[in-house]
Amino acid sequence: MPTSPTTPKLPAKKVGHDRASSKLVTATSSSTASSSAEWPASTKALNVAREFIKECARTSPSTLLVPDKDADGLTGTLIIYRTLVALGHDPTKLIVHFVGKGANPHREDERARLAAHHVQYAIIVDQGSRPGPVLVLGAKNLLVDHHLSDEFPEDTTVLSACKYEPVATSATLAYILCRPLHPSVVPGCDYLCAMGTLGDLGTSFQFRHPFPEEDMKVCFKKYTKKSINEAISLVNAPRRTSMFDVQSAWNALLYSTSPVDIVNPPRASKDQYAASQRLRKAREDTNAEVERCTHTAPTFSGDGKVALLRIESAAQVHPVIATRWAGHLKSPKLQIVMVANSGYTPGLVNFSCRIARCARGRANEPDIDIIALLKSYALREPGLSKAMGDDFARGHKQASGGIVRTEQFEKLWAVMAQSAPENGDEGGSPRKKRKKEHTQSNTLEGWVKRG
């Protein structure tokens, strides 16, 4: 692994966490902080992260920004980028690193690529949290994230929203983190907060307290919801293509001063216009691939809780297809829709899970936790959980997935397929059950009744 220049390391500061137990310290005695308490993270964690940013801007060192590839990760990172510049950081010393297709910064090969930049500061946004070595060796690291986790990288200042309900998106977390640092943040980054939040929580999401409701009221008076939603759609498109052109999405955001600049940039601005055209082409390609792959028949787990759809695509369309099917597929026992893509990364299965709409709000049933459900299946096969590693069951309770070797995924599905229905129910495919209900009408009982 490449080594970076000798730089004083920031002491291990898992801010907002108890070092002895390595678990989140919440504002209440429960495992999840109340929305009436500190939000979107602990006050201490926010203050320490702000000092990190101010120190970084003041010394203007070489600084690496590592965003996730979606609208939430990119806009959250750009909010921090613009804040650093507003505070005086030399923009020529800000380096943006996009992780490789199907990779993440917690992997050893990706950490080697990060270390090769030889920077002094690093800010990692929306990339998930897990235990392991510091992500950017030789640099002071700040991790800004909202994905569920109780464990974090070593020697890292952590700002995590994952245990503070309602969980903020990374864009909202970055916005509230940076808002008090410079007066330009609100007027210059409010649309970025809106884009990232709606991109993660859905375009129908309503900003209500504790989200920055008043700021967003002003934002939506300046920009139409239609322009913001269209900008989200365009920015999310390149990372889904087989080309994985995240750079174009970043450029479109970087050049913008409003969502309109992304949707309909002036032709006089060649860079803006070219970036926008690449986003539109990427969206066309993505939509065509979704249409090609979405018409596949689901297979149901033995207990009827999981519907599996298998696709093979070099594009990252499995989350889109999972969301689409989750909104339409219905079955009395169905809880989650899983789309497994065997064509995205050679030798691996990338899969996405979403909660079925028909399962939301069922009477007398607890809220569905996809991560917990996936882990419960894996535990039924000895050694499977350990073999699948840290890339299994990542993300959020309501939107999870993973990246595992093909043979491991087949073992996981075998467990699901063989799972027994609960409480004597039949489980399995609703189509098979309907077929069974309509067969053999000429029974002895039927003849007796007719007689």
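The values are calculated or read from the model by the stated rules, or taken from the named source; none is laboratory data. Note that the structure is predicted; figures quoted are calculated from it, not measured. In this analysis, Cβ positions are derived from the backbone assuming ideal geometry, glycine residues included, and neighbour counts consider all displayed protein chains.
Table for the structure above
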| item | result |
| --- | --- |
| Condition met for LEU137 (within 24 Å of PHE392 (Cα to Cα) and either of a type outside the set (Ser, Thr, Tyr) or not assigned by TED's automatic domain parsing to the domain that holds ALA37 (or both)) | no |
| Qualifying residue in region 165-181 (condition: at pLDDT 95 or above, basic (Lys, Arg) and not in a helix (DSSP H, G or I)) | no |
| Scope region 100-149; condition among the hydrophobic types (A, V, I, L, M, F, W, C), within 14 Å of the chain's Cα centre (by Cα) and surrounded by fewer than 17 Cβ atoms within 10 Å (Cβ to Cβ); matching residues | ALA103 |
| Which listed residue, of ILE368, ILE336, ILE355, is under 17 Å from GLY302 (Cα atoms) and buried (at least 17 other Cβ atoms within 10 Å of the Cβ) | ILE336 |
| Filter result for PRO91 (of a type outside the set (A, V, I, L, M, F, W, C), surrounded by fewer than 16 Cβ atoms within 10 Å (Cβ to Cβ) and touching a helix residue (DSSP H, G or I) at 6+ places or on another chain (Cβ under 6 Å)) | yes |
| Any pair with Cβ under 8 angstrom, 6 or more apart, that starts in region 212-233 at a residue that is surrounded by fewer than 12 Cβ atoms within 10 Å (Cβ to Cβ) and ends at one that is of a type in the set (A, V, I, L, M, F, W, C) and not in a helix (DSSP H, G or I) | GLU213/PHE207; LYS217/PHE207 |
| Test: residue in region 270-283 that is in contact with a Ser or Thr (Cβ under 6 Å, 6 or more places away or on another chain), in a helix (DSSP H, G or I), not aliphatic (A, V, I, L, M) and not assigned by TED's automatic domain parsing to the domain that holds THR83 | yes |
| Elements of type strands (runs of 3 or more DSSP E) contained in region 296-406, each with 2 or more residues being β-branched (Val, Ile, Thr) and closer than 19 Å to LYS101 by Cα | 399-405 |
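One line per residue, one yes/no per condition, for (1) within 27 Å of ALA57 (Cα to Cα); (2) of a type outside the set (Lys, Arg); (3) in a helix (DSSP H, G or I):
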residue: ASN141; (1), (2), (3): yes, yes, no
residue: GLU151; (1), (2), (3): no, yes, no
residue: THR157; (1), (2), (3): yes, yes, no
residue: THR203; (1), (2), (3): no, yes, no
residue: ARG208; (1), (2), (3): no, no, no
